[in-house]
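Okay, structure first, notes after.
Since every read-out is calculated from the coordinates, none of them should be taken as a lab result. Small disclaimer: the values here were computed from a predicted structure and weren't measured. Every residue, glycine among them, receives a Cβ derived from its backbone with ideal geometry; neighbour counts consider all protein chains shown.
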Amino acid sequence: MSPKDTWTSEPGDASNYRVSPYDAAFPGTLPHLNRHCVELGVRTAIALNANVQYRSAFDRKHYFYSDLPSGYQITQHYAPFALGGIVNLPHAGKEVRLHQIQLEQDTGKSTFDIRRRLSSIDLNRAGTGLMEIVSEPDMRSPEEAGDDGNMEQGSLRCDVNVSVHKPGQPFGTRCEIKNLNSVRFMMTAITSEVFRHIDLLDSGLSVPQETRGFDEQKAETFALRSKEDAPDYRYMPDPNLPPLLIDESYISRIRDKMPALPSATRSRLQGMGLSARDAEVLMTVDVGREMGYDGELGQGAVAFFDQLAQGRDAKTAVNWLTHELLGQLALRHESFKDNVMSVTQLGELIDLVQSKKITVRSKPGVLRP
Amino acid sequence: MLEQFQSPFDATVVQLLRNAGARIVGKANCDEFGMGSLNVHSAHGPVVNPHQTASSSASWEERERRSAGGSSGGSAAAVASSLAHVALGTDTGGSVRLPASYCGVVGLKPSYGLLSRWGLVSYADSLDCVGILGQNVQHVAQTLDLLSHYDPKDPSAVTPETRKRASEACLAHANKIDLAGKLDGLKIGIPQEYFPSELDSKILGPFRRVVDALKTLGASVVPVNMPSTPYALSAYYVIASAEASSNLARYDGIQYGLRVDAPLDADLTKTVNVYAHTRSRGFGSEVQKRILLGTYALTAGAFDNYFLQAQRVRKLVREDFDNVFRVANPLSTSSSASPSGVDVLLHPSAIRTAPLLPPSGCEPEGDSEDLSSYVQDVLTVPASLAGVPAVSVPAGLADDGWPVGVSVVSQWGYDNMVLDVARIIERTMSRQR
């Protein structure tokens, strides 16, 4: 929630390299709501078909932990900024309902060195805006939970709730596994947790409701605290931040300048004559395009294609782009954002070949240095 | 807790003073984290009221040691003893107005949201105001002018548009009443609920003299009712303690301030074990008391009955003020002008003159402490809960020879109105002397 330009850390910064007095909870500092966070939140809510609330508010969630310097996290407990929503799982072919989306403040990071009995705290992340998406219990397998996911950029973490039940019977007791930071770990954690529940039930025991962590080395979950030990977070409306008021014109302004959603882009590309496979290739490359923390997108493969196909045959353009340009980048182990060839340069090359001004014996290799 | 701590930045109000060429001569004593009414809960010891009664010829050491009031007792004492023209204090529930009353100086709690809280150590954010103490109303008014600016670093700062709207409304209303001429346009309300049984009758003489003087000048003085007042004190302590328990959670010995290491056999994997020693040693008993009360008020079982109930009472207290004033609340769309309302409220600032300090070496702590130091706040917390401006201005001396203050309170944003009326009181009372 601190002003982004000054204090938001980038992954890879040295520990405690970007910490404002506010992040370290110095006396006399006050929070400041980052407008970019609100905009990104609303954009997400629109993309996920959630209902953006005209009035939402911020609350304090209290607990003592060394990576939380102020002793509370600012979140939206009583009135989140978006309710409901739907996520489509393309491979499972089903919908997952969302409960709510809320804006929060991230905590710092603590690492415990067991050997030296020492906790190290990194506050780079503390105070950064965070969005929490809470789903309904609609996913039925680790595969559905991991469907089409990309969490490798480290900007996404998740807590999963796991329960098992026999067909036709009500849901079993759930356990929450906290802080999973990759799709692979999440799927492993769910699988291991499911078998743990089944083993307990098979041996005639019940599953106690608890909060658990995940040991990446052992690939199994471990108990953090039981339901009885669940902390009382003493939620209180934050007395500093005024309610967040969002009006319809703000929402539609954001809706208007939103990048096209994947489903819309897919059908647009296919409408231009591209095969489903070509469209998929462009969009997969596009996913990796750089997204600034302010939500501004770098130019991706789809936009490159759109410009290249201006006044040219779409099929030819996509062939040059996917086979030649992407092929050469792959050979050099470079990603699309490392590409130095401009749309104009590749366009002129295509035109020269097409008008037979130059000939190529075999196209592959034309771009090779 | 913060004895060795030096802030890496200046408060916005301090910065504004420096920019205007003010000389900062020192930091003043106060109750720890602003919690107290007598300035006895301080690691530096109590502040002694510098007032000297006319009949007293005793030397400084021999003199009666009375409290300067709290929590900003040091600021009031500094101004009363002419160490400074003006001093800043913080007023969460009366901490500027009460010391002003005890020490015989002017103390203003501005409308909530006018002065930036950036750099102010939070006690209860929704109530905390930077207050101004001064030797006379003119000094306070000039300082208010200097400090009343929108600060983007304070999320509860009122926007420039609202400021403009409120100050224009205030100016228009002041012109209509014509405070410079005869006062027959000014309507003053005396809230009946501000005379609790604990109010010392010595206060009433000076208060009546002020009322009479204002009447003589042409003002009409009417009794008014503010029915939620008796509940304001309880609501105040629930809200202030709850916010304090939250705001003071940060003093844990990790990032800055006092650090008391846990004993060697402590289980350090539990964060609370690391924090507890620092917090138990670093906080004084009054602060610990309020943190515990506030923590309780926010627990899941008590939240509805205490915290939410207190918020409801706070709303009623606000409505009391909106109902009684002639002008509408610039912050509220539901508030409307009521032609039969009053322009300002007038009431004693304190239930008594400055009380005696406990003999030195005698701690005022423990169960023996009576509730009078809390009851005192009856007269000051309603304006804090409502966020409206209130100024305590000297009203002469009581029969015991010690200063008495009267408070002028008005609608939100009408800070200049309370200062104008305070100026009239100051002028007439000095003529009477």
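Which of A:Phe304, A:Phe336 comes first, and how do the rest follow, when ranked by fewest Cβ neighbours within 10 Å?
A:Phe336, A:Phe304
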ask   = In terms of modelled amide H atoms, which long-range or inter-chain residues lie less than 5 Å from the amide H of B:Ala390?
value = B:Lys109
query = When the Cα atoms of chain A are enclosed in a convex hull and the volume is divided per residue, what value in Å³ results?
reply = 198 Å³
inquiry  = I need the shape label for segment A:213-341. Rule: rounded when a/c is under 1.5, else prolate if a/b > b/c, else oblate, with a, b, c from the alpha carbon gyration tensor.
reply    = oblate
note = Helix-only [θ] at 222 nm, the protein assembly as shown, -39500 (n - 2.57) per DSSP H run of 4+, per residue, nearest 500, equals -9500 deg cm²/dmol
inquiry  = Can you return the aspartates and glutamates within cross-link range of B:Lys215? Criterion is Cα-Cα under 13 Å, with same-chain partners fewer than 8 residues away left out.
reply    = B:Asp184
ask   = When A:Cys158, B:Cys30, B:Cys170 are ordered from fewest to most other Cβ atoms inside 10 Å of their Cβ, what list results?
value = A:Cys158, B:Cys170, B:Cys30
ask   = Is segment B:385-433 best put as rounded, prolate or oblate by its Cα gyration tensor, with a ≥ b ≥ c the root eigenvalues, rounded for a/c under 1.5, and otherwise prolate when a/b is larger than b/c, oblate when not?
value = oblate
key: Normalised alpha carbon radius of gyration of segment A:139-227 [divisor 2.2 N^0.38 Å]   = 1.07
ask   = Shape call for the protein assembly as shown from the C-alpha gyration tensor, a ≥ b ≥ c root eigenvalues: rounded (a/c under 1.5), prolate (a/b greater than b/c) or oblate?
value = prolate
note = Ordered by fewest other Cβ atoms within 10 Å, a rough proxy for footprinting exposure, A:Arg174, A:Arg55, B:Arg97 read A:Arg55, A:Arg174, B:Arg97
ask   = Which whole-Hz couplings ³J(HN,Hα) result when phi for each residue of segment B:241-258 is put into the Karplus expression 6.51 cos²θ - 1.76 cosθ + 1.60, θ = phi - 60°, listed in order with x for Gly and Pro?
value = 5, 4, 5, 5, 4, 6, 5, 8, 5, 6, 7, 10, x, 8, 7, 6, x, 4
ask   = Across segment B:309-325, in residue order, what do the Karplus-derived ³J(HN,Hα) couplings come to in whole Hz, using 6.51 cos²θ - 1.76 cosθ + 1.60 with θ = phi - 60° and x for Gly and Pro?
value = 4, 5, 5, 5, 4, 4, 5, 5, 4, 4, 5, 3, 5, 4, 6, 8, 8
ask   = When the Karplus curve 6.51 cos²θ - 1.76 cosθ + 1.60 is applied with θ = phi - 60°, which whole-Hz ³J(HN,Hα) does each residue of segment A:195-205 get, with x for Gly and Pro?
value = 5, 4, 4, 5, 4, 4, 5, 4, 8, x, 9
Antiparallel bridge percentage (DSSP; both residues within chain B; nearest 5) = 75 percent
message = For B:His347, what residues show an amide H to amide H distance below 5 Å, using hydrogens built from the backbone and excluding near sequence neighbours?
response = B:Ser407
